[in-house]
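Read through the structure below, which is laid out as structure tokens, and then see the notes.
The values are calculated or read from the model by the stated rules, or taken from the named source; none is laboratory data. Owing to the predicted nature of the structure, the values given are computational and were not obtained by experimental measurement. As a convention, Cβ positions derive from the backbone with ideal geometry for all residues, glycine included, and neighbour counts pool all protein chains shown. Surface areas here come from the heavy atoms of the whole protein model, side chains and all, with no ligands, DNA or RNA. Shrake-Rupley method; radii C 1.70, N 1.55, O 1.52, S 1.80 Å.
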Amino acid sequence: MLYPWQENLWQGWQQLLVQGRMHHAILLVAPHGSGREALARHLAKTVLCQNGAAGAGGEPCGVCHSCKLFDAGTHPDFHVIAPVQDGKQIGVDAIRQCNRWAVETSQLGGERILLIDGADSMGEAAANALLKTLEEPPSGCQFVLLASSLDNLLPTINSRCNKWRLAMPQEQETKRWVEKQLMQSIKLETVRLNGSAPIATQQFIEQGQDIRYTKLLAVFGDFLRPPNFGLYDVAGLCTKEGHNSLKWLSYFLVDCMKWQQGVTTHLVHSESLPLVEQAAAVIAPMTLLEQIREANSLYQKLERHPGLNAELLIVEWLIGFMNHP
Ligand SMILES: [Zn+2]
């Protein structure tokens, strides 16, 4: 299934498929929550379809043996490589397995598709192992790499691929789409917190993160006002939520900083703007800057090392607001 914001890019791929000019390694740059896996799978199904992508106008027929196997999730020539867990790397063993699949004969006599979901989370050894295969691509083998950004991809991998960027819809468009799915109105700042990625926004609401986010902001706003009561309430909520809560508070503080400097456009917050305004009035600009920096490095630390005592580190960070009255 394709989503409306994927139509343009899909048409570009279709043209290449119909003309038989598809590159052997496609790199799709798209955020999580953009439906990128669905798009990649649609491409795979189309390439594998036995009625020929070209013949069927660049769409899978849906009735052939290959399409049926694909829909059942048992197509023997379609392989997915992904981190075993969110935030974990794709290891070199997984890529070695991928390289073996790449040189195997196709079970159904057509192409083999290798989908690497989270190519930007390959470790260096894994990336180098993949590079060799990309440099000398086995025939009849289509690679599809998914990445959130190019920042964590080796330039050598990057340069071996045909790159496509999936643009997210405008925020109002995303808002309307999610509202239609959920049959309820949603906040604009929820869309912005999720980078206007529609599915990420929808899940943010479905999983109750928007409610917890609003609650955290209210408690945090109270804490920021002297005499800074409620430190452990904030720390407790943050610890329960995990490292993402630091990203949220960092967005909030960045908006406070902008507000102090008289910037009123390009803010993340709209419905919670009164809270931004109140907080901006009580935090010293230097403290704000320092605490944003600290929040970002603490976020990365907690993301990389889940075993750390998060509550203690968050309490330490929060005390930073009190030392600079
Ligand atoms: Zn088919």
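Descriptive notes on the structure:
- Compactness of the range 4-165 as Cα Rg over 2.2 N^0.38 Å, two decimals: 0.98
- 3J(HN,Hα) couplings calculated from phi for the range 217-226 with the Karplus curve 6.51 cos²θ - 1.76 cosθ + 1.60 (θ = phi - 60°) are, in sequence order, 4, 5, 5, 5, x, 4, 5, 5, 6, x Hz; Gly and Pro show x.
- Solvent-accessible ranking of Val18, Val234, largest area first, probe 1.4 Å: Val18, Val234
- Residue-span extension gain [Lys247 to Leu231] - 0.36 nm each, minus C-alpha spacing: 4.0 nm
- Counting only heavy atoms of the protein chains and using a 1.4 Å probe, Asp86 has close to 150 Å² of accessible surface.
- Taking max minus min of the alpha-carbon positions on each principal axis, the range 275-321 gives extents of 36, 18, 15 Å, largest first.
- Listed pairs Lys88/Lys187; Lys175/Lys240; Lys187/Lys215; Lys163/Lys301; Lys88/Lys247 exceeding 24 Å between Cα atoms: Lys88/Lys187; Lys175/Lys240; Lys163/Lys301
- For the chain, the longest piece that avoids every one of the GluC sites (Glu not before Pro) found in DSSP loops with at most 16 other C-beta atoms within 10 Å covers 105-270.
- Couplings 3J(HN,Hα) of the range 232-246, computed from phi: 6, 5, 5, 4, x, 5, 5, 4, 5, 7, x, 5, 4, 4, 5 Hz, in residue order, whole Hz [Karplus 6.51 cos²θ - 1.76 cosθ + 1.60, θ = phi - 60°; x for Gly and Pro].
- Estimated D of the range 118-213 in µm² per second, where Rh is the Kirkwood radius over Cα pairs and Stokes-Einstein applies at 37 °C, 0.692 mPa s: 207 µm²/s
- Remark: accessible surface ordering of Thr156, Thr264, Thr105 (largest first) is Thr105, Thr264, Thr156, probe radius 1.4 Å.
- A compact globular protein would have a Cα radius of gyration near 2.2 N^0.38 Å; the ratio found for the range 237-325 is 1.09.
- Mean projected area (nm²) of the alpha-carbon convex hull when the chain is viewed from all directions: 18.2 nm²
- Using a Förster distance of 22 Å, the FRET efficiency for Gln89-Lys240 (Cβ separation, nearest 0.05): 0.25
- The angle between the Cα long axis of helix 7-18 and the main principal axis of the chain comes to about 20°, on a 0 to 90 degree scale.
- Whole-number percent relative contact order across the chain, with pairs defined as alpha carbons under 8 Å at least 6 apart: 16 percent
- Once you reduce the range 204-280 and the range 23-83 to the center of their Cα atoms, the two points are 41 Å from each other.
- Acute angle (nearest 10 degrees) that the helix 273-282 long axis makes with the longest principal axis of the chain, alpha-carbon atoms: 50 degrees
- In the range 228-312, the chymotrypsin sites (Phe, Trp or Tyr not before Pro) that fall in loop regions by DSSP, at most 13 other Cβ within 10 Å: Phe229
- Fully extended contour minus Cα-Cα distance, from Gln97 to Asn162, at 0.36 nm per residue: 21.1 nm
- Derived scalar couplings ³J(HN,Hα) [the range 123-136; Karplus, 6.51 cos²θ - 1.76 cosθ + 1.60; whole Hz; x for Gly, Pro]: x, 5, 5, 5, 4, 5, 5, 6, 3, 4, 5, 5, 6, 10
- With semi-axes defined as the square roots of five times the eigenvalues of the C-alpha gyration tensor, the equivalent ellipsoid of the range 60-122 measures 25, 14, 8 Å, largest first.
- Stretching the chain fully between Ala281 and Glu135 yields a gain of 46.9 nm (0.36 nm per residue, less the alpha carbon separation).
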